[in-house]
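Here is the structure we will look at.
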Amino acid sequence: MTTTALTLSHQNWLTPSTDIDQYIAKVRQIPALDADEERRLAIALQETNDINAAQTLIVHHLKFVVHIARGFTGYGLPLGDLIQEGNIGLMKAVKRFEPQRGVRLVSFAVHWIKSEIHEYVIRNWRMVKIATTKAQRKLFFNLRSMKKGIGWLNEEEARVIADELNVSTKDVFEMESRIHGQDIAFELGDDDEDNDHFSPSQWLTDSSVDPAESAENAEHDNLMQRKLARGLQSLDDRSRAIVQARWLNEDNKATLQTLADEYKVSAERIRQIEQQAMHQLRSHIEA
């Protein structure tokens, strides 16, 4: 299965028309798949390269792409283009989806959809040379979407944004002014004078892991949590309480002496119980 094949066979769905509101209204009417149907279609695609199954999976997740694409409208790019790029990411996710991992397609696809839209933003948006600190970059990426209109902010609107982003109102007004200022290329050349500024290519770099690897890591974490829960259930009440008090209470971890006083035994005995319990937990986790 190729991306091209899917695009040609479902052109009307994957390429929003000029009437973007009509397209969004249509995809919102498409019902979501239940877990069993999604798994059946994904297995059919995986085992027999069933193009119809792939198309069904894609179409029933298009409204999710619209939802994600709306989060990128602050860059001034057409929503229809953002949706189309997100649809390409969805197609790539469907092609690589492995239902055996126990993860829903929507959880797996979000990384691919955002990645594709993100690359589109980088390719097409000439950005303002502005953000030189982490706080400024955070303000830059959120200010457009947080503004209620296209006009300039008033004092109250700026204060609300400043409080939410933990910056000063002065920073908000200054950033708003810079956003409407002079554009520069995405990458700064060697002859750029203001080398104290970050190049957009530097602070837009996505250092996240590959989506497939991210989904695999999430599933591994879930598996470890399930094993830990089963291991805790296998302990007797006192051992489980000691482990939880010593290791699972992040706010106020108990000391050996505190538990010794509670159970009327020595601190050394608490340490022995804890050691035995931890050994039993490890055996469950490593099984």
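The values are calculated or read from the model by the stated rules, or taken from the named source; none is laboratory data. Since this is a predicted model, take the numbers as computed values, not measurements. Heads up, the Cβs are rebuilt from the backbone with ideal geometry, glycines too, and the neighbour counts pull from every protein chain shown. Ligands, DNA and RNA are excluded from the accessible area calculation, which covers all protein heavy atoms including side chains. Shrake-Rupley method; radii C 1.70, N 1.55, O 1.52, S 1.80 Å.
Before moving on, here are some points about what is shown:
- Of all the criteria given as (1) at pLDDT 80 or above; (2) exposed (fewer than 13 other Cβ atoms within 10 Å of the Cβ); (3) within 30 Å of F108 (Cα to Cα), the one not satisfied by G231 is (2).
- Residue pairs whose Cβ atoms lie under 8 Å apart, sitting 6 or more positions apart in sequence or on different chains, and linking a residue in the range 22-40 that is farther than 17 Å from V94 by Cβ to a partner that is hydroxyl-bearing (S, T, Y), are Y23/S17.
- Yes/no for V128 being open to solvent by less than 60 Å² (accessible area, probe 1.4 Å), in contact with a strand residue (DSSP E or B) (Cβ under 7 Å, 6 or more places away or on another chain) and either of a type outside the set (S, T, N, Q) or at pLDDT below 90 (or both): yes
- Taken over the range 68-94, the criterion of being surrounded by fewer than 16 Cβ atoms within 10 Å (Cβ to Cβ) and either touching a Leu at 6+ places or on another chain (Cβ under 8 Å) or closer than 18 Å to A32 by Cα (or both) is satisfied by R70, T73.
- Of all residues in the range 250-268, one or more are within 30 Å of V103 (Cβ to Cβ), outside any helix (DSSP H, G or I) and not assigned by the TED database to the domain that holds F108.
- Scanning the range 53-69 for residues that are more than 13 Å from L105 (Cβ to Cβ) and either β-branched (V, I, T) or not assigned by the TED database to the domain that holds P31 (or both) yields V66, I68.
- Here the range 258-287 is the region considered, the condition is being surrounded by 15 or more Cβ atoms within 10 Å (Cβ to Cβ), more than 21 Å from A229 (Cβ to Cβ) and of a type in the set (A, V, I, L, M, F, W, C), and the residue that is farthest from the chain's Cα centre (by Cα) is A260.
- L41 surrounded by 13 or more Cβ atoms within 10 Å (Cβ to Cβ), under 21 Å from the mean Cα position of the chain (by Cα) and at pLDDT 90 or above: no
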